[in-house]
Every structure is written in C-alpha cells, then in structure tokens.
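Participant: Here it is, the structure, as structure tokens.
Taken together, the values in this text are just the output of simple stated rules run on the coordinates, not laboratory data. Bear in mind the structure is a predicted one, so any value in this text is a computation, not a measurement. Note: ideal-geometry Cβ built from the backbone for every residue, glycine included; neighbour counts use all protein chains shown.
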Amino acid sequence: MSYIIIAEDERDILLLMQRKLEMEGYAPVWSTDSGTKALEKALAEPPRLMIIDVILPDISGLEVCAQVKKALGAEAPPIIISSAKGQPLDLDRGTQAGADRYLVKPFAPRELIHHVRDLIG
C-alpha cells in the first residue's frame, strides 16, 4: 500500500495537511504527533512520502529523517521537513539530515501540495 506519513505535534497543522493531501488525492495519510511512532511505522512499512515537523515531543524530526534515510538507503521515501525556523542554518540542518525539501511555517496549503507533486507526482 502506498501511503504518506505526517508527524506533527500541532493538531491544527496536522489536520490541515492531512485534509489537503486527501483532497488532492494523496490518500491514505497516516498521522501522528510522535517522531518515534513515525520512525517505527516508516521502517516497518516504508511510505511513499514523509512530512515531519522538526520539533516533536519525543525525538526530533531531523533525527527521524536521518534514521529513515540511513536505514532504508535507496529505498527511503522523500522527506519534507517542516519547521517555524527558516534561517539558513536550519535549512542546512535539514539537508544534512537527508531532507528532500524544507517547508517553513506558516505555509500556504498550495505550497505543501507543490512540494508533494514535485517529489511523488
């Protein structure tokens, strides 16, 4: 099954992303507020794409990204990191963790969909 994982601890943002993705035909979407759960799910059943917030209550989204990319190698899904921090150093950290895109909050839903289309069609 081809699905998308969203890991986001701000419920309103998580619901916005999930609804927008589903409205655009990117279902199913599996969501959580836990980096650990997202990591476990991705390693057990690799998704088509991951969208991960940097700040999560258990482990950093950057750590989730790095672990998924390392563990799955060439089979790793594209990963979009989302964060309210958009300084050059933050973007560099996302790139170093293996992120394919970096989405700075607040963002327009069409910006999210643009990145998703670019990465998975």
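Participant: Would you work out the relative contact order for the chain, in percent, from Cα pairs under 8 angstrom that are 6 or more residues apart?
Facilitator: Numbers: 204 pairs, mean separation 28.8, N = 121.
Answer for the chain is 24 percent.
Participant: Taking 30 Å as R0, compute the FRET efficiency from the Cβ-Cβ separation of GLU10 and ALA74 and round it to 0.05. Intermediate values should be presented prior to the final figure.
Facilitator: Working: r = 32 Å, r/R0 = 1.07.
About 0.40, to the nearest 0.05.
Participant: Under 22 Å Cα to Cα from LYS70, which lysines show up? Leave out anything in the same chain fewer than 8 places away.
Facilitator: Leaving aside lysines fewer than 8 places away in the same chain, those within reach of LYS70 are LYS37, LYS41.
Participant: How are the alpha carbon pair distances in the chain distributed across 10 Å bins from zero to the largest one, expressed in percent?
Facilitator: All Cα pairs, binned at 10 Å, distribute as 15, 53, 31, 1 percent.
Participant: If you don't mind, there's one more thing I want to ask. Given the DSSP H assignment, sum -39500 (n - 2.57) over each helix run of at least 4 residues in the chain and divide by its residue total; what's the result at 222 nm in deg cm²/dmol, nearest 500?
Facilitator: Details: 5 runs with 57 residues, N = 121.
Rounded to the nearest 500, it is -14500 deg cm²/dmol.
Participant: Could you give me the ³J(HN,Hα) list for the range 75-92, computed from phi with Karplus coefficients 6.51, -1.76, 1.60 and θ = phi - 60°, whole Hz, x at Gly and Pro?
Facilitator: Whole-Hz 3J(HN,Hα) from phi for the range 75-92: 8, 5, x, x, 10, 9, 8, 10, 6, 6, 8, x, 6, x, 5, 5, 4, 4.
Participant: Let me know the charge dipole size of the chain about its Cα centre in debye, to the nearest 20, where only the beta-carbon of Lys, Arg (+1) and Asp, Glu (-1) is charged. Kindly include the intermediate steps, with their values, before the conclusion.
Facilitator: Values: 14 positive and 18 negative charges, 45 e Å.
Approximately 220 debye in magnitude.
Participant: Taking H as built 1.01 Å from N, whose amide H comes closer than 5 Å to the amide H of SER34, not counting residues under 5 places away?
Facilitator: It is GLU8, by chain and number.
Participant: Evaluated at 25 °C with a viscosity of 0.890 mPa s, what Stokes-Einstein diffusion coefficient in µm²/s does the range 7-49 have when Rh comes from the Kirkwood expression over alpha-carbon pairs? Please report the intermediate quantities before stating the final value.
Facilitator: Details: Rh = 10.9 Å.
Approximately 226 µm²/s, per Stokes-Einstein.
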